[in-house]
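What follows is one structure encoded as structure tokens, with my remarks underneath.
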Amino acid sequence: MSRVNIESLRKNFDSKPPSLAIDSLDLEIQEGEFLALLGPSGCGKTTTLRSVAGLETPDFGRITIGNKTVFDAAARVNVSPDRRNIGMVFQSYALWPHMTVEQNIAYPLATRKQRADVIKARVKEVAELVECDHLLSRLPAQLSGGQQQRVALARALVASPQLILFDEPLSNLDARLRDQMRIGIHRIHRARPFTAIYVTHDQSEALALGQRIAIMRQGKLEQLGTPEAIYETPISEYVAGFVGMSNRLPVRAVCDGWDAGGVRLFGPAIGNVRWPALAALRFGMADCHLVANAEQVKEDEVGLPARVLDTEFGGRYRFFTVEAGNAQIRISMLARESWIQAVTANDHLVLAFPPARVAAFADPVEAGRVNIVRPAESASMSLANMGFDHPVAATNRS
């Protein structure tokens with residue numbers, strides 16, 4: 001396993017209009033680290049991965065794997081993919097249909113002219129590691145999607161490459177198999193660490209697998225850090241939305257507080273407003289809940305009247321879509337109390353959330369469009385900064 005350095009990488013596609021896929025990207029992956037590249041389609045994550053693999057040729061920059069420079073635009077160095085000593089796990093499995101599982105796994109060793117006994121022992125070892133040793137005599141067409149992906153992972157591991165690249169490997173699997181494979185990949189990396197870059201658009205995969213997460217936007221890094229740091233302190237609305245803070249509540253400063261679409265937020269007192277008049281609160285489905293009336297909002301929570309638009313059954317959970325202020329909010333609640341199960345559309349309740357679970361961002365709306373606050377600016381603020389940090393005595397609260 002090796003350290004990977006990406007320096008000033010730039011890639012432009014000559015489409016109409018031209019498309020800048022990677023924009024002066026700098027990124028370092030430590031030896032043995034599992035790095036998740038997270039972002040939507042078109043953000044540059046797959047082009048970055050393919051550039052490291054040698055499947056794309058960047059226009060500018062430098063890539064080093066271990067002590068070897070595999071790409072340097074200025075020095076005109078561009079090592080072919082087969083000489084970069086990497087393994088790759090594709091979204092489409094990419095198994096040879098005419099070869100058995102054993103032959104597919106053995107392929108990287110066979111191309112290196114390894115001895116037959118060495119190949120056989122290594123294939124058996126890796127197949128046991130990924131739990132596909134009982135499938136060695138089968139053809140890919142006889143395997144399920146999850147089994148094929150295990151075989152693809154074994155093939156990537158078998159030659160002990162310096163680096164393993166994952167290109168959205170779980171996106172073709174159903175939800176149950178995705179969970180199983182995610183657990184399996186995490187277990188294998190913990191048991192036998194290897195350097196990995198894992199491309200995904202699924203925040204749950206990135207948070208579960210990545211020792212660090214690099215969130216990309218328009219070819220650049222938006223935020224880089226541990227899953228915990230990014231989840232707790234997203235630096236922009238873009239990042240907050242990607243790590244699960246899917247609810248967005250626009251608010252406006254008024255003379256002594258904040259309102260949402262003309263409806264006042266209540267609860268903790270509002271101090272002096274020190275931010276622009278417009279802000280957006282970001283929080284996840286589990287970071288808020290419904291209560292029957294204003295008296296049930298806790299002293300350390302903010303409350304807002306809400307009208308139920310829809311309810312969904314989710315086993316032990318109930319999912320609600322409510323209209324609160326000028327936003328639609330999604331809520332996930334354990335259905336432990338009978339009144340929660342009895343909530344129906346058009347019921348008027350109260351949305352409540354603790355300020356500590358909310359990220360707030362300044363100036364989210366201008367002329368009807370989202371204005372993402374950049375890291376170089378005053379990027380993020382807590383509700384405490386906005387004046388939600390001075391609880392007042394409340395009466396008739398349960």
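Return the aspartates and glutamates within reach of Lys220: Cα separation strictly under 13 angstrom, same-chain partners fewer than 8 residues apart disregarded; answer none if there are no such residues.
Result set, ordered by chain and number: Glu7, Asp23, Asp26.
Placing +1 at every Lys and Arg Cβ and -1 at every Asp and Glu Cβ, with all other atoms neutral, what dipole size does the chain have around its Cα centre, in debye to the nearest 20?
So the dipole magnitude of the chain works out to roughly 1340 debye.
Have a look at the stretch 190-238 and give its Rg and Dmax from the Cα atoms, expressed in angstrom.
11.4, 36
Given a 1.4 Å probe and every protein chain left where it sits, what share in percent of the accessible area of the chain is carbon and sulfur?
The computed percentage sits at 49.
What angle, in degrees between 0 and 90 and rounded to the nearest 10, separates the Cα long axis of helix 116-129 from the longest principal axis of the Cα atoms of the chain?
Helix 116-129 and the main axis of the chain meet at about 10 degrees.
For the chain, count all C-alpha to C-alpha pairs, find those more than 40 Å apart, and express that count as a whole percent of the total.
31 percent
Note the angle between two axes, namely the Cα long axis of helix 101-111 and the longest principal axis of the Cα atoms of the chain, as a number of degrees from 0 to 90, rounded to the nearest 10.
Compared with the principal axis, the helix lies near 60 degrees.
Once you have a ≥ b ≥ c as the square roots of the Cα gyration tensor eigenvalues for the stretch 212-359, tell me rounded if a/c is under 1.5, and otherwise prolate or oblate according to whether a/b is larger than b/c.
Here the stretch 212-359 falls in the oblate category.
What is the P(r) of the stretch 1-95, as percent of Cα-Cα pairs per 10 Å bin from 0?
15, 49, 32, 4, 0
Local charge sum around Ile340 (other residues, Cβ-Cβ under 12 Å, Lys/Arg +1, Asp/Glu -1)?
Values: positive: Arg316, Arg318, Arg336; negative: Glu337, Asp347.
Local net charge: +1.
Would you work out the relative contact order for the chain, in percent, from Cα pairs under 8 angstrom that are 6 or more residues apart? It would help to have the intermediate numbers written out before the result.
Working: 866 pairs, mean separation 59.3, N = 398.
Reported as a whole number, the value is 15 percent.
Count of lysine pairs in the stretch 15-129 with Cα atoms under 28 Å apart, counting only pairs 8 or more residues apart in sequence or on different chains? Working shown, then result.
Details: Lys16/Lys45; Lys45/Lys68; Lys68/Lys113; Lys113/Lys124.
Lysine pair count for the stretch 15-129: 4.
Any idea what angle helix 145-157 forms with the longest principal axis of the chain, computed on alpha-carbon atoms, 0 to 90 degrees, nearest 10?
60 degrees
How large is the helix-only mean residue ellipticity at 222 nm for the chain, computed as the sum of -39500 (n - 2.57) over DSSP H runs with n ≥ 4, divided by its residue count, in deg cm²/dmol to the nearest 500? List each step's numbers first, then the result.
Numbers: 9 runs with 87 residues, N = 398.
Using -39500 (n - 2.57) per qualifying helix, the result is -6500 deg cm²/dmol.
The values are calculated or read from the model by the stated rules, or taken from the named source; none is laboratory data. The structure displayed is predicted, hence computed values, not measured ones. Cβ atoms come from the backbone with ideal geometry, glycine included; neighbour counts cover every protein chain shown. Heads up: the accessible areas ignore ligands, DNA and RNA and are worked out on the full protein's heavy atoms, side chains in. Shrake-Rupley method; radii C 1.70, N 1.55, O 1.52, S 1.80 Å.
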